[in-house]
Amino acid sequence: RAKSAGGNRYELADPEADARAITRHGLTTALPAALERGEFFIEYQPLVHLGDGSVRGAEALVRWLHPQHGIIGPDRFIPLAEHTGLIVPLGRWVLEESVRQARTWEARHSGAGPLRVNVNLSPMQLTHPNLVSDTVDILEREGLAPGALCLEVTESALIGADDDLLKPLRRLAEMGVDIALDDFGTGYSNLANLRRLPVSVLKLDRSFTQGMQHFPADPVDLKIVEGIVALAHSLDLAVTVEGVETGHQADQLRELGCDTAQGWYYARPGPPDRLHQLALLDATG
Ligand code: C2E
Ligand code: MG
Ligand code: MG
Ligand code: MG
């Protein structure tokens with residue numbers, strides 16, 4: 001009910017905006033206890049080799065099983081965790097959990113080559129002084145080779161990055177950890193700048209894949225992807241595409257020379273054990 005006090009008029013609040021605001025605040029303050037209570041869990045989405053269709057690994061995607069609101073996606077709480085700094089312990093937990101999981105896959109894997117795990121890093125984790133030592137500790141403790149880990153950093157987090165920001169990533173890359181540039185094509189990075197970054201994988205943003213959903217695909221979209229792939233390969237970067245939802249998209253992306261794909265066409269993010277089935281792992285192990 002609108003009321004007035006002291007000559008100020010109070011408008012009726014938009015109930016939806018109000019609910020969103022309360023939720024945002026409520027979620028933010030609930031985050032630390034949620035981490036303590038183990039309310040976060042990780043789903044894994046397969047990364048598939050476009051050439052032969054084999055599963056090469058998976059991206060770890062964190063979710064929050066909130067006691068009142070059910071499952072909450074990372075787009076809703078990662079920005080809040082980033083804002084309050086909780087992303088540092090949360091991100092460390094995701095890394096530890098994912099590395100342990102990759103070690104389990106490795107132990108049970110009967111196919112060729114190890115299954116790798118991709119873990120997303122927030123900008124605040126990038127600038128945290130313990131990034132390198134924490135990562136080294138976790139890999140050693142769990143006994144996973146650095147080459148089985150890929151850290152995903154968004155293009156926007158590295159825009160205008162100076163050498164201080166790149167140094168930890170460079171050290172990780174020298175150790176054999178792969179660094180992927182996530183959501184590539186959504187920022188405004190100088191393509192020539194790519195050479196300076198210690199990345200070995202470009203993850204082409206879903207918006208490019210979406211442009212290929214319809215047949216025939218927009219020829220300009222195809223040309224752009226073709227150009228990016230050529231540039232990436234000339235710099236020795238592998239190209240992963242996100243958001244592949246149809247076989248038609250997969251065919252086109254393969255023809256355009258993309259290396260790896262991820263998307264609902266292959267599998268939605270799911271529990272870690274499902275990767276065993278998808279990757280033809282030794283289920284008896
Ligand atoms: P991202 O790293 O670009 O992850 C890909 C997102 O695309 C995921 O959304 C995934 O579920 C979704 N996706 C995969 N295939 C398809 C498809 O075929 N179609 C469509 N429409 N979507 C698809 P999700 O899981 O909601 O994650 C959203 C973002 O949250 C991630 O984007 C990443 O930036 C962030 N995130 C997730 N987990 C973590 C984490 O542990 N740490 C940090 N810092 N960020 C995370
Ligand atoms: Mg990612
Ligand atoms: Mg991405
Ligand atoms: Mg994305």
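Quick notes on this structure:
- The stretch 95-112 - residue that is buried (at least 21 other Cβ atoms within 10 Å of the Cβ) and not polar (S, T, N, Q) and, of those, farthest from LYS167 (Cα to Cα): TRP105
- The residues on offer are ARG108, ARG92, and the sole one that is in contact (Cβ under 8 Å) with a residue 60 or more places away in the chain and either closer than 17 Å to LEU35 by Cβ or among the basic types (Lys, Arg) (or both) is ARG108.
- Test: residue in the stretch 194-214 that is among the small types (Gly, Ala, Ser), within 24 Å of VAL119 (Cβ to Cβ) and surrounded by 13 or more Cβ atoms within 10 Å (Cβ to Cβ): yes
- For the stretch 150-165, the candidate set comprises residues that are surrounded by 12 or more Cβ atoms within 10 Å (Cβ to Cβ) and farther than 16 Å from VAL119 by Cα; within that set, the residue that is modelled with the highest pLDDT is LEU165.
- Residue in the stretch 104-124 that is closer than 24 Å to THR260 by Cα, in contact with a strand residue (DSSP E or B) (Cβ under 7 Å, 6 or more places away or on another chain) and of a type in the set (Asp, Glu) present: no
- Selection count where residues are within 16 Å of ligand 4 (Cβ to nearest atom) and crowded, with 21+ Cβ neighbours inside 10 Å, scope the stretch 113-149: 4
- Long-range neighbours under 8 Å by Cβ, at least six apart or interchain, first residue farther than 16 Å from ARG92 by Cα within the stretch 63-79, second away from ligand 3 (no atom under 16 Å from the Cβ) and part of a loop (DSSP other than H, G, I, E, B): LEU65/GLU39; HIS66/GLU39; PRO67/GLU39
- The stretch 122-151 residues that are closer than 12 Å to GLU96 by Cβ, paired with ones that are assigned to a helix (DSSP H, G or I) and open to solvent by 50 Å² or more (accessible area, probe 1.4 Å) (beta carbon under 6 Å, 6 or more apart): ASP134/ARG92; GLU142/ARG100; GLU142/ARG103; LEU144/ARG103
- Matching residues in the stretch 234-245 - criterion: being more than 16 Å from LEU222 (Cα to Cα) and either free of Cβ contacts under 8 Å to residues at least 40 places away in the same chain or within 16 Å of ligand 3 (Cβ to nearest atom) (or both): SER234, ASP236, LEU237, ALA238, GLU245
- Residue count for the stretch 54-75, restricted to those that are loosely packed, with under 14 Cβ neighbours inside 10 Å and part of a helix (DSSP H, G or I): 1
- Only one entry of ARG195, ARG254 meets the criterion of being modelled with pLDDT under 90 and among the charged types (D, E, K, R), and that entry is ARG195.
- Listed by position, the strands (runs of 3 or more DSSP E) contained in the stretch 113-220 that have at least 2 residues being of a type in the set (D, E, K, R) are 178-184.
- Qualifying residue in the stretch 223-239 (condition: within 16 Å of ligand 1 (Cβ to nearest atom), in contact with a Leu (Cβ under 9 Å, 6 or more places away or on another chain) and either under 23 Å from TYR44 (Cα atoms) or in a loop (DSSP other than H, G, I, E, B) (or both)): yes
- Taking the conditions (1) crowded, with 23+ Cβ neighbours inside 10 Å; (2) away from ligand 3 (no atom under 16 Å from the Cβ) in turn, ILE224 satisfies each one other than (1).
- Qualifying residue in the stretch 250-269 (condition: out of contact with any Pro (no Cβ under 9 Å at 6 or more places or on another chain), within 18 Å of PRO114 (Cβ to Cβ), within 16 Å of ligand 3 (Cβ to nearest atom) and open to solvent by 10 Å² or more (accessible area, probe 1.4 Å)): yes
The values are calculated or read from the model by the stated rules, or taken from the named source; none is laboratory data. Being a predicted model, the structure only gives us computed values, none of them experimental. Using ideal geometry, Cβ is built from the backbone for each residue, glycine included, and neighbour counts are taken over all protein chains shown. All accessible areas refer to the heavy atoms of the entire protein, side chains included, with ligands and DNA or RNA removed. Shrake-Rupley method; radii C 1.70, N 1.55, O 1.52, S 1.80 Å.
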